[in-house]
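Some notes on the structure that comes next.
The values are calculated or read from the model by the stated rules, or taken from the named source; none is laboratory data. For clarity, every value in this text was computed on a predicted model and none was experimentally measured. Backbone-built Cβ (ideal geometry, glycine too); neighbour counts: all protein chains shown.
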C-alpha cells in the first residue's frame, strides 16, 4: 500500500519530561512524516491553560481533559488510522480509553500501542474496564515479547512492533570502554521510585571504594530529584555524582559516548530506550533482570543482568567490567549486533503491516481468545 498522503492521528505524550513513551511518540511522528504521511499529533500532556492551574491536583486534570477530547474528536474525523500510545493506570483511563472510544464512534480504525512494565498488575486489577475498550480496537501493538506474553495471559492477542533507536544519533565511537581506574558510570532514567536510582547510588558508593576516581552522571528529571541528591550527599558522593537534569537528544547521545558503562537499575521495566540507546552507542550495560529486559539482552553476551534492588550485585558487575576489558568488548559487540533489530529500516514494515491490517479489518478484535 502507498502510504504517502495518508493521515495518521498519533495520540501520545511529548517531552518534557523525556520519558520513554514521550520520546517514542516524538520520534514516531518524525519518522512517519519522513515517509510522506500526514501526521496529526494529539498530545496527551499538553501544557495547562491557564498555566497556573497545573499547581492544583484534582482540578488540573479537568482543564486538560476537555480540550484533549475536542482535539481527539477533530483528529478522528480527519484520520485514516488512529495510533494510540497507551500505558497503565490513570494514563489509560484518562487518555488512551477515550481515544479508542472516539475512534470507535467515528468509525476510524485504531491501533493501541501499549507499553509499560506494570501491565500485568494493571490488567489483573482492571481487566473488566480495559478489555471492553480493547475489543473496540483493530489491534494491539506491543514493543516486546514480554508484553505480548503478559497480554496473552489475560486473553488478549497482540503483535510486536519494537521501539525504534535512532542509530544516526546514537552511534558508537572507537574509544575503549571500561579501561582504567576512573570509569564514567551513566544512569539515564527519570527520577522516580520505579527506576531504582537509589540502588544505583548505593552501588556507585561501592564502586568508588574500589575506584576512587570513578564518576557518575544521572540524566533525568522527576519527583525524587531532591531526595536523590540528598542521598548522594549522605553516601559521600556529592563530589563525584552529577545530576544533569533533562538533556536534549544530541546531548544525551554525547553523554553515552563519554560513558564507560550504563546502569539500568529499574524495579519495573518493559523495553527501556536507555538500554537500546546505550547498546547502539557501543556502551556496556549493567541492568536489573526485571520485566522485558531479558527479552532484549542476553546476560553475558549483550549485557550483564543482576537482581533488582541489589546494589552489591550491581557494583560487582561494574567492577567485573572495569577489570575485564575483554568482557566489555564482547558486550559491546553483542549489543551492537542486538540493536540492529530496532532500526527504523527493520521496524517500518512491521508497523505499516499493522496499519494495513487495521484498514482491512484483518486483525481480530483484541479481546478474549
- [ ] Inspect all residues belonging to segment 174-193 and state whether any of them is on the phi < 0 side of the Ramachandran plot, assigned to a helix (DSSP H, G or I) and outside the structural domain of residue 126 (by TED's automatic domain parsing).
- [x] yes
Task: Filter pass, residue 54 being farther than 21 Å from residue 76 by Cα, modelled with pLDDT under 90 and surrounded by 17 or more Cβ atoms within 10 Å (Cβ to Cβ) - done: no
TODO: Kindly indicate whether any position in segment 81-93 is farther than 19 Å from residue 65 by Cα, surrounded by 21 or more Cβ atoms within 10 Å (Cβ to Cβ) and in contact with a helix residue (DSSP H, G or I) (Cβ under 6 Å, 6 or more places away or on another chain).
DONE: yes
- [ ] Quick one: which residue in 214, 209 is at pLDDT 95 or above, in the same structural domain as residue 274 (by TED's automatic domain parsing) and out of contact with any helix residue (DSSP H, G or I) (no Cβ under 6 Å at 6 or more places or on another chain)?
- [x] 209
Task: Residue selected from segment 248-269 under the condition part of a loop (DSSP other than H, G, I, E, B) and either in contact with a helix residue (DSSP H, G or I) (Cβ under 6 Å, 6 or more places away or on another chain) or not assigned by TED's automatic domain parsing to the domain that holds residue 299 (or both), by the criterion surrounded by the fewest Cβ atoms within 10 Å (Cβ to Cβ) - done: 267
Task: Among residues of segment 283-312, those that are part of a loop (DSSP other than H, G, I, E, B) and within 17 Å of residue 147 (Cβ to Cβ), counted - done: 5
Task: Subset of segment 68-91 (residues that are touching a strand residue (DSSP E or B) at 6+ places or on another chain (Cβ under 9 Å), farther than 20 Å from residue 354 by Cα and modelled with pLDDT under 95) - done: 68, 88
- [ ] Scan segment 321-337 and give yes if some residue there is surrounded by 14 or more Cβ atoms within 10 Å (Cβ to Cβ) and part of a loop (DSSP other than H, G, I, E, B), otherwise no.
- [x] no
- [ ] Could you list, in sequence order, all residues of segment 178-206 that are farther than 30 Å from residue 16 by Cα and touching a helix residue (DSSP H, G or I) at 6+ places or on another chain (Cβ under 6 Å)?
- [x] 178, 179, 206
- [ ] For residue 201, indicate whether it is modelled with pLDDT of 95 or more, in a helix (DSSP H, G or I), in contact with a strand residue (DSSP E or B) (Cβ under 8 Å, 6 or more places away or on another chain) and outside the structural domain of residue 351 (by TED's automatic domain parsing).
- [x] yes
Open item on the list: Checking the structure you have, find out if any residue of segment 231-247 is in a loop (DSSP other than H, G, I, E, B), modelled with pLDDT of 95 or more and more than 15 Å from residue 186 (Cα to Cα).
Closed with: yes
Task: Only one of 112, 100 that is in a strand (DSSP E or B), in the same structural domain as residue 40 (by TED's automatic domain parsing), modelled with pLDDT of 95 or more and surrounded by 20 or more Cβ atoms within 10 Å (Cβ to Cβ) - done: 112
